[in-house]
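Here the structure is laid out as structure tokens; the discussion comes afterwards.
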Amino acid sequence: MGATAVSATPTWLEPGTYVTYAVIVPKDARFGTNSVMVKLDMLNERSFEALYPYLVKAEGRNVSRDENYVTPLWPTGTSYLTFRVLSVDNNTAKILVRLELHDVAIERPDLANASVLVLSEVLTLDLRTGAYVINGTPVGRPSFFVDPSNPPGPGAVLLNVTVPEGGNWVMGVKNLSYSRYRDFEVLTHLRAFHPPFIYLESDVVRFNLHGPDYSFSGGTGFSALYDPSTGLMIASDMFSTPPELVLMGVVSSTIEDVNASRALRKLLAENSKKRWLQGWNLYATNVEFRDEGPFERPGSPLVYYFALSVLIAIAVGIRDLWRWVR
């Protein structure tokens, strides 16, 4: 991620601002709908301590935070993803990223269950470049907002991080579109949104991770829809892993809002002009949305769109590749 990247700081980005997304999973949903793959040696101490009691359920097993170890989490209940601005000082902002999973089955080393599991990370956002930085090095861009006047176009880097035992992961923008859902009202848990929208889609980082008793193949990508008045993310697709989650140790995830999927099938059957996205959906925020009005996209030759079905087909294929070898 080049140091020349420039992003306007949104007016709402100030201490106390929060944005929460949710995936609603009813009790009658099938097991295994959602998966969150966590790499222990990428977790901070706080998140590792939250997960640790479930990792040592097997008698005599000792798991350390620096271990090359991936464990799948299967949240069968509703989950929440919150971004909260803790502070803004000079040219940086501290962003708390909080992932709250409910009714979680932890698969390895022995099956355990947690009613609530919280993983969190505080990231430093450089307001001059719009990039998260670790020890001064840019490692990714925010997923929960873009600069509407200058969103990251094709080729822009969304994630650039070294994964232990996994090499360098670079995720870039593949498509940027202002025509996605241009004829539809998009529904979220908070409110309905009307077009136009900003739609961002990344390429897929493919990987093959190996440990002493596992092998995990797959891919990580991100795609989401944004409100052009505030730049806030409205919702994501179900195969999306926000870059912030990778930075906090989630190497891959599939998150489906089952209620949204069920509602979407009904809307499609009715030929409705309303749509739900099936991933993280806006649930709560204290950001005020402006009255809807005309939006003029920035003049740029880098505005185009490839069919979403291509990403979904790739993501489904990648999801089917992951395997565990005991």
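Every number here is computed from the coordinates shown, using simple stated rules; none is lab data. Values in this document were obtained by computation on a predicted structure and should not be read as measured data. Virtual Cβ from ideal backbone geometry, glycine too; neighbours counted across all protein chains shown.
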> Given charges of +1 on the Cβ of Lys and Arg and -1 on the Cβ of Asp and Glu, with all other atoms neutral, how large is the dipole of segment 17-295 about its Cα centre, in debye to the nearest 20?
Replying inline: 580
> Could you work out Rg/(2.2 N^0.38 Å) for segment 34-102, with Rg from alpha carbons only?
Replying inline: 1.36
> Stretched out fully, how many nm does the piece from His194 to Asp89 gain, at 0.36 nm a residue minus the Cα gap?
Replying inline: 34.4 nm
> Phe207: net charge of surrounding residues, Cβ under 12 Å, Lys/Arg +1, Asp/Glu -1, itself excluded?
Replying inline: +1
> How high is the FRET efficiency from Asp28 to Asn208, r the C-beta distance, R0 35 Å, rounded to 0.05?
Replying inline: 0.50
> Calculated FRET efficiency, Ser149 and Ser215, Cβ-Cβ r, R0 56 Å, to nearest 0.05?
Replying inline: 0.80
> In nanometres, what is the gap between the two model label sites at Lys273 and Ala50, each 7 Å from Cα along Cα-to-Cβ?
Replying inline: 4.2
>> Charges on Cβ only, +1 for Lys and Arg, -1 for Asp and Glu, centred on the Cα centroid of segment 17-295; of Ser253, Val287, Met171, which one is farthest towards the dipole's positive end?
In response: Val287
>> Below 20 Å, Cα to Cα, which lysines can Lys39 reach? Residues fewer than 8 away in the same chain don't count.
In response: Lys57
